[in-house]
Structures are given as C-alpha cells and as structure tokens.
Amino acid sequence: EREAEEVAAAAEAARQRKREMVALAATLGLPLVSWAQAFPAKPIRIVVPFGAGGVADLTARTVAQKMSESMGQAIVIENKPGNNTTLGTELVVGSPPDGYTIGNNNLATFIVGALTAKQLPYRIESDFTPIASLFTQPNLVGVTPSLPVKTLAELIAYAKANPNMISFGSTGQGTSLHVLTEMLRMNSGIEMVHAPYKSAPAAEGDLAAGHIQLMISNFTSMEPQVKAGRIRALAITSSTRSPRLPDVPTVAQAGAPYLEMVTWAGIVGPKGMPPAIVKRLNTTINEILSDPNFKKQYEAMGSETDIKTPEQFAAMIKSDLAKWGEVIRKGRITAD
C-alpha cells in the first residue's frame, strides 16, 4: 500500500512539473515541446578567461548586451583570468550543460594554448559544445625597416644566407604567434632566434626600434605601426587582402600559403548541451553579427564577423586542432 502511495505521489509530481512547464511556455508565448523552448528563464553567465578591459572582454560585453536585449534576460560577464585561460575554461567545463554558463575563447588559447600546455584538466575535442563563432582576424608578418628585405621571399633568402642572425618576437613560448613563426621556419628551412615577450605591443616596440628583426602579430596591434612606417608589413595571413592595408599581399600571394592563420573568437559551452538550446544561442548570436552597425565595429578593428552554424564552428575547431597539432608536434613546441 505504501509503495502504491509513493508511485501515485511521484506521478502527481510529474504532472505538476508538466503543468508548470505549460504555464511557463504560455507566459512566454511559446509552444510546449521542451524546456529548451522556454530558454532562457534566468540570467546567462558568459565566462571570459581574460582580464577586464582587453579586446576579448570588450567583445564579450558588446555581444552580451545585444543578447540581453534579444533574449529578454540579463547576460552576466564573469572575468576569470589565470593560468593561460585554464581557470576560466575549466569553470565552463564543470558547469551544468543547461546553457546558463557558457564561455568566450579564441584560437590562440583554446586551440594552440591547449596543444602546447604540458597538462590540462580537460580535453578540447570532447569536453565542450561549440555554440557560435564571433569574429576572425588575420595576422601581419612584419619586419624592422632597417632589415634589407621588402618581400617575404627576400626575408627567407636573407635568413638562409644569415642563419640565426634574425631574432623574431612573439607573445611567449608556445603561443599562437610563436607557433606560426615556427611554421615559417620549418617550411622554409631557415634558422632564427626566438625572443619571447609578455605582450604584443612590447615586442612590436622592439621590432620598430630594430632590437628584433621579425614578428608575426595580430592585425589590430601591428596595423598602426605599419601605417606610421615604424614596421614594414610583408604579408597578411588571411586568404584575402585587407582594405585597411591594400598594398600588403596575402601569404599565398607572397609564396607561403602554409602561413595562413586567421585567429577566431567564439562561444562554447560544457559538453552535453541540448541541441535546441545550442540552436537558440547560435541563432541569437548570428542575428547580432548580421547587424550592419555591429559588423562595422569589427571592421574598424581589422576583423570580420564570422557567422557559422554550431556544426560549422565544430568543424573549424576540429580542423585547427589537427593543423596546429601537427606543427606543434613536429616542432616539439611546449609552453613555458
């Protein structure tokens, strides 16, 4: 008898949950199919594994504001820097896969940083749900103006004739800019000296002053130095030229298609997120990226909004893991 009462109570509880779902769906004006269609019913947290005030943080906040307006819920940014973005990324991994905790990340840290790390508390290929890409940005191959080269081919020829006489800067051992320059070294058969820095502006300052001779750096950071004549740009690492620097050839046009690397930023969540919630987030973000005014904001930084489905974003992540993983293994590159 007691068992029958427990079964009846459980059934009534299930019916009550269903009634609550119906009421919530009706309040939101949505058809009842699943909880996912009532999403979001509370604030969403976007974990940014970088400090406040940087490009990644500002990008996330801009997107969050628009998402909040579109979804009718607060979107809270939580900065969680530390351990080369591992702290913030691990927070996303350990969250419930309900769409209420998602994370902002990029190629440099999410892919290259993970591949060069000596140890990680998660696996990129299996512990995340790709949600949406945000934007892409190329890099520039720059040299100090005093170096007697004006093309990438001339740089390679000079380096071959003067082994280990060129010092190249990067944002640190095992970072994406270091790995990309190692790609140049391995494919062209040249020998250079690595000079790691703590930031791109610090390295670019020494490049302009002639203390180092070469650096591949992000477009936003290096472009002002190029326009001012303090750094000579030999190539851009995208498949097309930039209208902001139309005289700078692509790496393919310069004879080094293997150097193509377009940095991306995107949104990911923990593994196991319901497809309907992923689609809702993806659709909302893509609508924001389609706005002409929003696109202009990115173009002003030398970037392009990047509209992809979750499946396309997942394919890009898989491709980058394979491509840069091979370079890192061949070059035996590890982070500090």
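Across the chain, the mean sequence separation of Cα contacts (distance under 8 Å, 6 or more residues apart), normalised by length, yields a relative contact order of 24 percent. Each peptide in 75-85, 265-275 receives the mean, over its residues, of other Cβ atoms within 10 Å, and ordering these scores from highest gives 265-275, 75-85.
A 1.4 Å probe run over the stretch 153-195, with the rest of the protein chains in place, finds 37 Å² accessible per residue. Give Lys118/Lys227; Lys42/Lys279; Lys80/Lys271; Lys271/Lys323; Lys279/Lys318 a once-over and call out the pairs whose C-alpha atoms are over 27 Å from each other. Going by Cα-Cα distance, Lys118/Lys227 fall outside the 27 Å limit.
Which value in deg cm²/dmol, rounded to the nearest 500, describes the helix-derived mean residue ellipticity at 222 nm for the chain, given -39,500 (n - 2.57) per DSSP H run of n ≥ 4 and division by the residue count?
-13500 deg cm²/dmol
With the charge dipole of the stretch 197-336 set up from +1 on Lys and Arg Cβ and -1 on Asp and Glu Cβ about the Cα centre, the Cα lying farthest toward the positive end among the listed residues Leu234, Leu245, Val268 is that of Val268.
Rolling a 1.4 Å probe over the protein heavy atoms gives the stretch 202-266 an accessible area of 38 Å² per residue. The phi-based Karplus calculation (6.51 cos²θ - 1.76 cosθ + 1.60; θ = phi - 60°) puts the 3J(HN,Hα) values of the stretch 149-154 at 9, 10, 9, 5, 5, 5 Hz, whole numbers, x for Gly and Pro. Working from label points 7 Å from Cα in the Cα-to-Cβ sense, the Ala41 to Ser239 distance is 4.3 nm. To the nearest 10 degrees, how steeply does helix 176-188 sit against the main Cα axis of the chain, on a 0 to 90 scale? Helix 176-188 and the main axis of the chain meet at about 50 degrees. A Förster radius of 30 Å, combined with the Cβ-Cβ distance separating Asn187 from Thr309, puts the computed FRET efficiency at roughly 0.40.
In degrees between 0 and 90, to the nearest 10, how far off the longest principal axis of the chain does helix 275-289 point, with axes built from Cα atoms? Here the helix axis deviates by roughly 50 degrees. A simple spin-label model places the labels of Lys296 and Ala209 3.9 nm from each other, with each point 7 Å out along Cα-to-Cβ.
Expressed as a whole percentage, what fraction of the accessible surface of the stretch 206-336 belongs to carbon and sulfur atoms when a 1.4 Å probe is rolled over the protein heavy atoms?
51 percent
DSSP finds beta bridges in the chain, and of those with both partners inside it, around 60 percent are antiparallel.
The values are calculated or read from the model by the stated rules, or taken from the named source; none is laboratory data. In this text the structure is predicted, and so the values were computed from the model without any measurement. Virtual Cβ from ideal backbone geometry, glycine too; neighbours counted across all protein chains shown. Surface accessibility is based on the protein's heavy atoms, side chains included, excluding ligands, DNA and RNA. Shrake-Rupley method; radii C 1.70, N 1.55, O 1.52, S 1.80 Å.
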